[in-house]
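The values are calculated or read from the model by the stated rules, or taken from the named source; none is laboratory data. Bear in mind that the values here come from a model prediction, so they are computed numbers and not experimental data. So basically every Cβ, Gly included, is an ideal-geometry build from the backbone, and we count neighbours across all protein chains shown. Heads up: the accessible areas ignore ligands, DNA and RNA and are worked out on the full protein's heavy atoms, side chains in. Shrake-Rupley method; radii C 1.70, N 1.55, O 1.52, S 1.80 Å.
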Amino acid sequence: MKSGRIVKLISGVYKVDVNGVRYDTKPRGLFRKKKFSPVVGDIVDFEEQNSQEGYIHYVHERNNELKRPPVSNIDQLVIVMSAVEPQFSTQLLDRFLVIAHSYHLKPRILITKRDLASQQEKEEINAALTVYSNIGYPTQFVGKEDDKLSIVNKWHKGLIVLSGQSGVGKTTFLNHCHPHLNLATNNISKSLNRGKHTTRHVELYDRDNGYIADTPGFSALDFNHIEKEDLKDYFIEIQAASESCKFRNCNHIKEPHCNVKSEVTERKIAKFRYHHYLQLYNEISNRRVRY
């Protein structure tokens with residue numbers, strides 16, 4: 001029996017990495033009976049059939065799991081946004097951050113295409129990044145001239161997953177790190193302000209301190225697994241400030257003696273972050289009940 005990490009899934013075959021040696025494996029029938037499927041990132045035990053193939057017997061417990069796209073045991077989620085084409089949006093960034101926290105992931109913020117941004121756009125983005133940095137998020141603003149490989153290798157060790165809107169440069173960023181991959185990229189749709197999906201599956205690529213993965217771009221974000229009462233826990237500074245609210249179950253909407261609203265008034269919490277919290281709270285409150 002050998003242990004390794006699933007680095008790719010395609011056509012029902014799980015490619016497992018064992019210290020640089022790759023095996024094509026398939027799960028035993030018991031997984032189908034349990035209606036459980038291994039995903040990329042899983043640590044698995046498999047029975048070696050020959051030097052290239054095997055059958056998965058056991059999937060180790062996952063530390064975390066991103067549902068869309070499915071990938072597990074992520075050490076850091078890098079949320080990639082672009083300065084322009086598509087335009088930088090703090091509202092969209094906050095939605096990605098909420099998703100990340102809801103799946104117990106550690107997010108890092110990466111903004112690309114600095115070289116294409118105007119001076120005013122750069123100043124606005126830098127001001128926003130100062131807010132996120134003060135909250136506690138690692139942030140970077142990069143351009144065409146930056147050494148992408150050096151940046152990647154300085155990130156958290158283990159599995160890094162690049163995630164974000166289509167067209168923001170995730171695949172381009174990865175191509176700079178691994179030129180031999182020559183992964184497909186696509187142009188931005190001017191009318192939709194987003195790119196076309198070019199990544200069709202999740203695959204882990206080697207890097208100095210572990211792996212890096214490009215994921216299929218998102219055209220929509222799903223919040224169906226999040227309850228409105230839990231949303232405040234996914235805004236770091238709001239969660240911290242809520243400890244001093246008078247009422248334990250304060251949702252920071254119309255409740256009296258709300259410390260969060262006080263900190264917004266005192267500019268300790270950025271107004272745009274609080275507004276995005278309210279927007280998402282209302283969106284979740286108004287979603288249709290599913291039966």
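For the residues Ile109, Ile253, a 1.4 Å probe over the protein chains yields an accessible-area ranking, largest first, of Ile253, Ile109. Convex hull volume of the C-alpha atoms in the stretch 2-59, normalised per residue: 69 Å³. Of Phe235, Phe247, the order by accessible heavy-atom surface (1.4 Å probe, DNA, RNA and ligands excluded), from most exposed downward, is Phe247, Phe235. Once all protein chains are placed together, Ile99 keeps about 20 Å² accessible to a 1.4 angstrom probe.
One quarter of the convex hull surface built on the alpha carbon atoms of the stretch 228-286 amounts to 3.5 nm², the projected area averaged over directions. Scanning the chain for cysteines with no neighbouring cysteine C-beta under 4.7 angstrom from their C-beta gives Cys177, Cys258. If the Kirkwood radius is taken over C-alpha pairs of the stretch 65-214, then at 4 °C and 1.567 mPa s the Stokes-Einstein diffusion coefficient equals 83 µm²/s. When Lys271, Lys170, Lys8, Lys34 are compared by accessible area of protein heavy atoms, the largest-first order is Lys34, Lys271, Lys8, Lys170, using a 1.4 Å probe. Cβ-Cβ distance of Asn209 and Asn64, R₀ of 25 Å, FRET efficiency by 1/(1 + (r/R0)^6): the value works out to about 0.85. For the stretch 2-59, with all protein chains in place and a probe radius of 1.4 Å, 46% of the accessible heavy-atom surface sits on carbon or sulfur. Rolling a 1.4 Å probe over the protein chains gives Arg95 an accessible area of about 50 Å². Taking amide hydrogens as placed 1.01 Å from N in the peptide plane, the amide H of Phe141 sits under 5 Å from those of Ile111, each at least 5 positions away in sequence or on another chain.
On the stretch 228-286, 45 percent of the accessible area sits on carbon and sulfur atoms, based on a 1.4 Å probe. Given a 1.4 Å probe and the protein chains as shown, Tyr55 ends up with an accessible area of around 90 Å². Per residue, how many Å² of accessible area does the chain show with a 1.4 Å probe? With the other protein chains kept in place, the chain gives 54 Å² per residue. Across every direction, the projection of the convex hull enclosing the Cα atoms of the chain has a mean area of 18.0 nm². Between helix 119-135 and the chain there is an angle of about 80 degrees, using the helix long axis and the longest principal axis of the Cα atoms.
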